[in-house]
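Asker: For reference, the structure I am asking about is given below.
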Amino acid sequence: MAYDASTLPDVSGLTVGIIGGTGDQGRGLAYRFARAGQTVLIGSRSAERAAESAAEIAALPGVPAGGSVTGAANDEVARRSDVVIIAVPWDGHAATVAALAKPLAGRIVIDCVNPLGFDKQGPYALTVAEGSAVQQAAALLPDSRVCAAFNHVSAPLLADPEVDRIDLDVLICTEDRELVDVVGALAARIPGMRGIYAGRLRNAHQIEAFTANLIAINKRYKAHAGIRVTDL
């Protein structure tokens, strides 16, 4: 079956929490969802820092006046959100996710973390004992509904108010097929994006690792490259 956006569920009423919402990737996703009218909660280890970041995002061009963008500590954001995006640095991933296992129980969790290392030759994929960042998250969150998505979205594009469309496909890996449509519908809230099912969690390693290739492409061509799947 070809991709058909008309079959996607209405997710406009869902509250999206972003753990790591003060970092570049999390802040950019928060801005795009807020701009689409989604209720957004910014999470950080510091509630004060989260609140400051939320106020800055709410004031950006394109965010509806009176829109709901607020900040709080990570555990409160986890409790209050329907969908939680994990957008923290890899070196703090396991500790952050493990600490939120209880408030994330029953929640949809989207992991967009890419385990990468950097040396003089550039970025490279790191070996993860569980197989990938999202598999690590799934192991730490047995009572959550976990998927990988938004791994390849350029933070500078997300944060640029002059960019109206971001034309790329969001690759979704999960064991929970119902999540594909929910996450795909969230991706579609950002003009130009599509959510595409890309296999089970065991297939997420190469998706996370491919970010190293995209960084090389961006450096070589001075671009903000993404992925588009053909024939869909």
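Asker: Which order do Tyr3, Tyr221 take when ranked by solvent-accessible area (1.4 Å probe, heavy atoms of all protein chains), largest first?
Answerer: Final ranking, largest accessible area leading: Tyr221, Tyr3.
Asker: If you don't mind, there's one more thing I want to ask. Per 0.36 nm of contour for each residue apart, how much would the distance between Asp82 and Ala5 grow if the chain were fully extended, relative to their Cα-Cα spacing?
Answerer: Length gained between Asp82 and Ala5: 25.6 nm.
Asker: Further, regarding this structure: Give me the extension gain from Ala155 to Glu52: residue separation times 0.36 nm, minus the current Cα-Cα distance, reported in nm with one decimal.
Answerer: Taking Ala155 through Glu52 to full extension adds about 35.2 nm, to one decimal.
Asker: Given the -39500 (n - 2.57) contribution per DSSP H run of 4+ residues, what per-residue ellipticity at 222 nm results for the chain, rounded to the nearest 500 deg cm²/dmol?
Answerer: Value at 222 nm, helices only, nearest 500: -10500 deg cm²/dmol.
Asker: While we're here: Taking all pairs of distinct Cα atoms, average 1/r, flip it, and tell me the Kirkwood hydrodynamic radius of the range 1-145 in Å to one decimal place.
Answerer: 15.9 Å is the Kirkwood radius here.
Asker: Largest first, how would Ile227, Ile190 line up by accessible area (1.4 Å probe)?
Answerer: Solvent-accessible surface, decreasing: Ile227, Ile190.
Asker: Would you look at the GNM of the chain, springs on alpha carbons closer than 10 Å, and say which of Ala99, Ala73, Ala30 moves the most?
Answerer: Comparing Ala99, Ala73, Ala30 in a Gaussian network model of the chain, the most mobile one is Ala99.
Asker: Let a ≥ b ≥ c be the square roots of the eigenvalues of the Cα gyration tensor of the range 74-214; is it rounded (a/c under 1.5), or, if not, prolate (a/b larger than b/c) or oblate?
Answerer: rounded
Asker: Per the Kirkwood formula on distinct C-alpha pairs, the Rh of the range 185-232 is how many angstrom?
Answerer: Mean inverse Cα-Cα distance, inverted, gives 12.6 Å.
Asker: State the Cα centre-to-centre distance between the range 1-29 and the range 76-109 in whole Å.
Answerer: Cα centroid of the range 1-29 versus Cα centroid of the range 76-109: 15 Å apart.
Asker: How much of the accessible area of the chain, in percent, comes from carbon and sulfur atoms when a 1.4 Å probe is used?
Answerer: Its accessible area is 50 percent carbon and sulfur atoms.
Asker: Subtracting the Cα-Cα distance from 0.36 nm times the residue separation, let me have the gained length for Ala65 to Ala139 in nm, one decimal.
Answerer: The span from Ala65 to Ala139 would gain 22.7 nm if fully extended.
Asker: Then there's this: Which of Val134, Val113, Val182 ends up with the largest GNM mean-square fluctuation for the chain, with Cα atoms connected below 10 Å?
Answerer: Of Val134, Val113, Val182, the most mobile in the Gaussian network model is Val182.
Asker: For the chain, report the accessible area per residue in Å² (1.4 Å probe, heavy atoms, rounded to an integer).
Answerer: So the chain comes to 47 Å² accessible per residue, rounded to a whole number.
Asker: Compute a Gaussian network model of the chain, connecting alpha carbons closer than 10 Å, and tell me which residue from Lys222, Lys102, Lys120 fluctuates the most.
Answerer: Largest GNM mean-square fluctuation: Lys120.
The values are calculated or read from the model by the stated rules, or taken from the named source; none is laboratory data. These numbers come from a predicted model, not from an experiment. When the accessible area is computed, the model is the full protein with side chains, heavy atoms only, and any ligands, DNA or RNA have been set aside. Shrake-Rupley method; radii C 1.70, N 1.55, O 1.52, S 1.80 Å.
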